[in-house]
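Inspection log for the structure reproduced underneath, given as structure tokens.
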Amino acid sequence: MFSKANKYVTLKGKFFVLDKTAENLFTNSEIEKINTQISQTNKMLDETYSAENAKKIVEVNHSNNTVLIDPDNQDNYQNVEALTRSRYHQGVNSVSVHWNYILIKIKKSTLNNIKNGSIGAAGYLAGKFKNIYIAIAASAIVGVLSANSIKGGMWFRVHTYAYTALEGWGWQ
């Protein structure tokens, strides 16, 4: 249902909205679930757009319906290392918010700090966002880290309808 709804959810200004034409294509129950998802995502974005967090917003991209957030600094996003022959890259720290999932990218050095316990994944992510569910997602990330050696930066896709659902992960 969510993948079918993708083309009907767009960014208007800084927030996601459901196009009115979708009301004829989905059941009332499905529309309610989609609107609940959009509301949850917009609430998280509203908290992120607060004055104290405004510097974290890197880009509101209307063409691909995402909001890119760099939890560390904007320079990090601009200086993504060029692709090399190496399979693994240092990566970047960033968060890309889509209407129904969040793509979290964590660079290798930060991952090593999380894995070695010098910083906590939940504390690291929760410190960047006011949404408690990000901290819950961090638990899943720690599980992946504990089972793998850190070869490079990693990405984690967290479904935001069920915040505990880590949909996938890979190398940057």
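Just so it is clear, none of the values below were taken in a lab; they were calculated from the coordinates. None of the values given here were measured: they were computed from a predicted structure. With ideal geometry, Cβ positions are generated from the backbone for all residues, glycine too; neighbour counts draw on all protein chains shown.
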Open item on the list: So for each of 37-47, 93-103 I average, over its residues, the number of other beta carbons within 10 Å; can you give me the resulting order with the highest mean first?
Closed with: 93-103, 37-47
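So if R0 is 35 Å, what FRET efficiency would Asn24 and Ser139 give, r being the distance between their Cβ atoms, rounded to the nearest 0.05? Mind dumping the intermediate values first?
Numbers: r = 40 Å, r/R0 = 1.13.
After rounding, the FRET efficiency stands at 0.30.
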Task: Tyr101 long-range amide H proximity, modeled H, under 5 Å - done: Thr160
Open item on the list: Let's test the formula: R0 of 30 Å, r as the Cβ-Cβ distance of Glu59 and Ala147. What FRET efficiency results, to the nearest 0.05?
Closed with: 0.40
- [ ] Find out how many positive minus negative residues lie around Tyr161, taking Lys and Arg as positive, Asp and Glu as negative, among other residues whose Cβ is under 13 Å from that of Tyr161.
- [x] -1
Task: Estimated inter-spin distance, Thr36 and Met1, nm [label 7 Å along Cα→Cβ] - done: 0.8
Task: Inter-label distance, nm, simple model (7 Å from Cα along the C-beta direction), Thr10/Asn112 - done: 4.5
